[in-house]
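Chemist: Here it is: the structure, laid out below.
The values are calculated or read from the model by the stated rules, or taken from the named source; none is laboratory data. Note that the structure is predicted; figures quoted are calculated from it, not measured. Because the Cβ atoms are built from the backbone with ideal geometry, glycine has one as well, and the counts that use them run over all protein chains shown.
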Ligand SMILES: [Zn+2]
């Protein structure tokens, strides 16, 4: 991936390129993004630039042997770590990222803006939480201890360090602190507050900016179709819920709660919550008479305007807080049926 192919975050791309040009390459960097804003794309473009033998106009060439390997994510000195679990797509009893590398490559090449839920789906562990276990640390230490295959930098692109436990972090710490020469760690996080402090404190942090509406539309247009299918399902479910709540149909609302709890994975349930939170923010903006920044698309206008008129002021703020609470509880293994039933009840009482 070249910097010029990245949607949004031009200033971050420039900063990364100039770091590489000046030779001040931090050996541990943490890119913090709201999910799907392009941190992985930036990390890939940065490593490609560092190893490109033929820079052109402040970007990698896209054609030298190193760039070609990067474009297929098969560069022998670039390693990927991401949260995994046991699943039907590997026979490994203690799987590591290596066990799912083929699926990771397919996903990241097709859509470097993928979400955690997309990754879970791609590696076939939708119903489980992905983790970065100690076996992963051992594997990375072994790989980095070997001599580089090519001349340039070795890199570990580490997706969601917040999913590693203390034991894994302890194992990795020395390597992150004092990596072999020309070796770098690029951590990509959605929740910097959950990254273990021992790792966080050793990284140079960079904030990847949220995408503008226009940039988000360009990213969406580039995505494989299945994401759009999710959006259709989520919208129908959200609309059914609000219609039931606003028409005081408790049975209908509880049925929606059951449908949310039946979404096939925790990640999908969280993705739905995030989607619902965004929808409620749109309603809130319309109620505040700020349609120009509401992000409501023309085809959604009728539904959102209707809801903005029917929903009492004060509901949106409470609903968003309740939804955010559900997202944090999903990670704590609380029964989804209880969580979503409670959420629906609260929305029903606040309307
Ligand atoms: Zn090149």
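Chemist: How many residues does region 190-221 hold that are surrounded by fewer than 14 Cβ atoms within 10 Å (Cβ to Cβ) and modelled with pLDDT under 90?
Modeler: Looking only at that region, the number is 3.
Chemist: Any chance region 240-260 includes a residue that's outside any loop (DSSP other than H, G, I, E, B), modelled with pLDDT of 95 or more and closer than 30 Å to residue 165 by Cα?
Modeler: Yes, region 240-260 contains at least one residue that is outside any loop (DSSP other than H, G, I, E, B), modelled with pLDDT of 95 or more and closer than 30 Å to residue 165 by Cα.
Chemist: Quick one: residue 202 ticks every box in (1) in contact (Cβ under 8 Å) with a residue 24 or more places away in the chain; (2) touching a helix residue (DSSP H, G or I) at 6+ places or on another chain (Cβ under 9 Å); (3) closer than 25 Å to residue 46 by Cα; (4) in a helix (DSSP H, G or I) except a single one, so which number is it?
Modeler: The number of the failed condition is (4).
Chemist: For region 26-43, give me each residue that is surrounded by fewer than 23 Cβ atoms within 10 Å (Cβ to Cβ) and touching a strand residue (DSSP E or B) at 6+ places or on another chain (Cβ under 6 Å).
Modeler: 26, 27, 28, 29, 32
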